[in-house]
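The values are calculated or read from the model by the stated rules, or taken from the named source; none is laboratory data. Keep in mind it's a predicted model, so treat the numbers as computed, not measured. Positions of Cβ are generated from backbone atoms using ideal geometry, with glycine treated the same way; all protein chains shown enter the neighbour counts.
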Amino acid sequence: MSNSVGKHSYGEFGDRKEELVRSERLAFTGRIAASIAHEIRNPLGNVSMSVQQLKKGCAPDSPWVKHIEVITRNTERINFLITELLNCARPPKLNIKPHDIHEVLESVLDSVRTKIVSQHVKVHKKLNAELSIINVDNEQIKRVFSNVMINAVESMPEKGEMTIVTENDRDNFILKIKDTGGGIPEEDIIRIFDPFFSTKSSGVGLGLSICYGIVVSHDGTIAVESKPYYGTIFTISLPIK
Ligand SMILES: Nc1ncnc2c1ncn2[C@@H]1O[C@H](COP(=O)(O)OP(=O)(O)O)[C@@H](O)[C@H]1O
Ligand SMILES: [Mg+2]
């Protein structure tokens, strides 16, 4: 089962018609999500300000303090979710510069090392791309790689193998992140890029929609292929301009 989104597609993911429908649907979902998020922001700001005033007027030993803290914590959480949602609907303005993607990958691997080690995941690297210096927004592209790698590691809670493959075709730098985890059921694969779709008990479900927004803003594509009980391959393709 596979699913591919972005401006263009290639190889085994080349069903252009399905891809266009998917991109439009995502753009529509993103616009609705962004307008809802925007509308929630103002009243939420008012709640935060009023709670701060309440806190000021409360004696430190008052029984109300703990309720005020609950409200503060939850308004902060909603604010965080809304900001993430707005970011995935409209990724921030890109700061594009040439970067060696192989170095970027090494630094992302370092940052997820603890999780990799604690879950006994073995990492294989096949960095075969000859042309790996690409114009990207370093911070944003790191976010994409780290979201996809963390998902891969989370799909292998006991142990497993993650393989990072890079290659070039004529116009693109291609990265594949493969895992030997539980895979994605056929009925879920169409929904994994939707905001707030998550099958994890503590998942937010914004990781892949953020990845989608960032990759598309780089004129790239992100595709997924998965076999339940066997594993998943995410393929990110970025144009060499
Ligand atoms: N490598 C993977 N293996 C299995 N399932 C995956 C993988 N990557 C993503 N998924 C599925 O896609 C869902 C959405 O992922 P994401 O947007 O990153 O949100 P979250 O990680 O917070 O759940 C996950 O909850 C999971 O069901
Ligand atoms: Mg995730």
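See the values below:
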item: Residues satisfying the stated conditions in the range 154-179, i.e. farther than 17 Å from residue 221 by Cα and surrounded by fewer than 20 Cβ atoms within 10 Å (Cβ to Cβ); result: 154, 157, 158, 159, 160, 161, 163
item: Qualifying positions in the range 132-143 - of a type outside the set (D, E, K, R) and assigned to a strand (DSSP E or B); result: 133, 134, 135, 136
item: Unique residue being part of a loop (DSSP other than H, G, I, E, B), more than 20 Å from residue 208 (Cβ to Cβ) and of a type in the set (S, T, N, Q) when the list is 62, 107, 48; result: 62
item: Single condition residue 129 does not satisfy, out of (1) assigned to a helix (DSSP H, G or I); (2) surrounded by 13 or more Cβ atoms within 10 Å (Cβ to Cβ); result: (1)
item: Extreme residue, nearest to residue 102 (Cα to Cα), among residues of the range 218-241 that are in contact with a Lys or Arg (Cβ under 9 Å, 6 or more places away or on another chain) and either small (Gly, Ala, Ser) or in a helix (DSSP H, G or I) (or both); result: 220
item: Residue among 41, 22 that is part of a helix (DSSP H, G or I), surrounded by 12 or more Cβ atoms within 10 Å (Cβ to Cβ) and at pLDDT below 85; result: 22
item: Members of the range 144-162 found to be within 12 Å of ligand 1 (Cβ to nearest atom) and not in a helix (DSSP H, G or I), listed by number; result: 155, 156, 157, 160, 162
item: Qualifying positions in the range 191-214 - more than 11 Å from ligand 2 (Cβ to nearest atom), of a type outside the set (A, V, I, L, M, F, W, C) and either in a helix (DSSP H, G or I) or not assigned by TED's automatic domain parsing to the domain that holds residue 151 (or both); result: 212, 213
item: Top-ranked residue in the range 184-205 [being more than 9 Å from ligand 1 (Cβ to nearest atom) and loosely packed, with under 14 Cβ neighbours inside 10 Å; ranked as nearest to residue 171 (Cα to Cα)]; result: 186
item: Residues (basic (Lys, Arg), more than 16 Å from ligand 2 (Cβ to nearest atom) and within 21 Å of residue 115 (Cα to Cα)) located in the range 130-174; result: 159
item: Number of positions in the range 206-241 that are crowded, with 17+ Cβ neighbours inside 10 Å and over 15 Å from residue 140 (Cβ atoms); result: 11
item: The range 112-126 - residue that is assigned to a loop (DSSP other than H, G, I, E, B) and more than 17 Å from the chain's Cα centre (by Cα) and, of those, farthest from residue 193 (Cα to Cα); result: 120
